[in-house]
Amino acid sequence: MSYIHIENAGKTFRSEGKDYSVFSGVNLDIEKGELICLLGASGCGKSTLLNAIAGFDLVTEGKIEIDGREVKEPSPKNVTIFQNYGLLPWRNVINNVELGLESLKKPKDERRKIAEKYLKMVKLENFKNSFPRQLSGGMKQRVAIARALAVEPDIIFMDEPFGALDAITRMKLQDDILDICQNEKKTIIFVTHDIDEATYLADRVVVMTPNPGKISAVIDVPIRHFRDRTSGDFLHVRDKIFDVLSMKKETNIEYTI
Ligand SMILES: Nc1ncnc2c1ncn2[C@@H]1O[C@H](COP(=O)(O)OP(=O)(O)OP(=O)(O)O)[C@@H](O)[C@H]1O
């Protein structure tokens, strides 16, 4: 049995006396240590599926199991990173990173040591005494990543974490995520509607289409982490995704140089 097992999962909301199916018939198996990107256009149910796996909002059909246990509520072993950082403005950077460790009742010395280790990992060791208002968006998201890693979670759920960042900062943070994956071997489920981001980060890209949301294809990314966004292999995987989303032009354009 896989680590995360999703079987015939569906989610229906009732609104004004009518049922509305967000996604249905979703089957997916995820192994420990995989980085899975859920990719699709706005409204295809990516966040709803992520929330169902994380236990925030349960499926209404089928089942989702993690490590053999049906998901019925959020687990303290997992963390979620959102687009809006979620930092406490009155706490400085290191105290923000220590937040989850306080809930785990770690002694103060140990908390500090762990927080410093992860701040170093996200290259913010020189900003530990700064407050969120003094940081750029990218730095804030790095603090959120350090805070998530500090509690040594089993699974990290990321819902468009870089959606509010400019393209260059976004690419730098994507590299950070790949470094972290190599060092920490975490299971990550990452929601995005950015095809390049999914191709760059994922071990497998799960492509979803709407009305109702369903999985149209699961695309293996054969070379673990390209690090080169212009390589032929990268473009090949990207092309496959365009194909699934029916976004390729019918006719091929010929270029003459
Ligand atoms: N609690 C709810 N009640 C009713 N409808 C909902 C609820 N939550 C989500 N939906 C609907 O489900 C659909 C899918 O939403 P969801 O946020 O999962 O999509 P998404 O693919 O993540 O989109 P985006 O990329 O824009 O965030 C939307 O049409 C949304 O309005």
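Here, each number is a calculation from the coordinates, and none is a lab measurement. Fair warning: this is a prediction, and the values are worked out from it, not measured in the lab. Note that each Cβ is placed from the backbone with ideal geometry, even for glycine, and that neighbours are counted across all protein chains shown.
Amide H contacts for residue 217 (H built 1.01 Å from N in the peptide plane; partners 5 or more residues away or on another chain; cut-off under 5 Å): 207.
Loop-located trypsin sites (Lys or Arg not before Pro) in the range 1-75 (DSSP state other than H, G, I, E, B) with a sparse environment of at most 10 neighbouring Cβ atoms within 10 Å: 72. Summing Lys and Arg as +1 and Asp and Glu as -1 over all other residues whose Cβ lies under 15 Å from the Cβ of residue 105 gives a net charge of -1.
Across the range 113-143, the residues whose backbone nitrogen lies under 14 Å from the label position 7 Å along the beta-carbon direction of residue 88 are 132.
Here the label points at residue 1 and residue 183, each 7 Å from Cα along the C-beta direction, are separated by 3.4 nm in the simple model. Loop-located trypsin sites (Lys or Arg not before Pro) across the range 119-196 with a Cβ neighbour count of 14 or fewer within 10 Å are 123, 185, with loop assigned by DSSP. Charged neighbours of residue 11, selected by a Cβ distance under 13 Å, balance to +1 (K, R count +1; D, E count -1).
For the chain, DSSP calls about 50 percent of its internal beta bridges antiparallel.
Here the relative contact order of the range 87-152, from alpha carbon pairs under 8 Å that lie six or more residues apart, stands at 51 percent. Only helices enter this figure: runs of n ≥ 4 DSSP H residues, each worth -39500 (n - 2.57), summed and divided by the residues of the chain, yield -10000 deg cm²/dmol at 222 nm to the nearest 500.
Taking a cut-off of 18 Å, what percent of all Cα-Cα pairs in the range 8-150 are separated by more than that? Counting every Cα pair in the range 8-150, those more than 18 Å apart make up 64 percent. Inter-label distance, residue 105 to residue 218: 3.9 nm, where each label sits 7 Å from its Cα along the C-beta direction.
Between the range 168-187 and the range 61-109, the alpha-carbon centres lie 19 Å apart.
If the chain linking residue 152 and residue 63 were pulled fully straight, counting 0.36 nm for each residue of separation and taking away their Cα-Cα distance, it would gain 29.4 nm. Kirkwood hydrodynamic radius computed over the chain comes to 19.4 Å, based on all pairs of distinct alpha carbons.
Using every pair of distinct Cα positions in the range 87-152, the Kirkwood expression returns a hydrodynamic radius of 11.3 angstrom. Filter the cross-link list 105/128; 11/185; 117/186; 77/185; 18/214 down to pairs whose alpha-carbon distance in this structure exceeds 24 Å. Long pairs (Cα-Cα over 24 Å): 11/185. When the Cα positions of 177, 115, 68 are compared along the charge dipole of the range 55-183, 115 comes out farthest toward the positive end, with charges on each C-beta of Lys, Arg, Asp and Glu. Shown for 179, 203, 109: other C-beta atoms within 10 Å of each C-beta, ranked fewest to most, produce the order 109, 179, 203. Net charge in the neighbourhood of residue 208 (other residues with Cβ under 11 Å of its Cβ; Lys, Arg +1, Asp, Glu -1) is +2. In this structure, residue 70 and residue 233 have a Cβ-Cβ separation that, at R0 = 30 Å, corresponds to a calculated FRET efficiency of about 0.20.
The GluC sites (Glu not before Pro) found in the range 7-86 that occupy coil by DSSP, while having at most 14 further C-beta atoms within 10 Å, are 16, 31.
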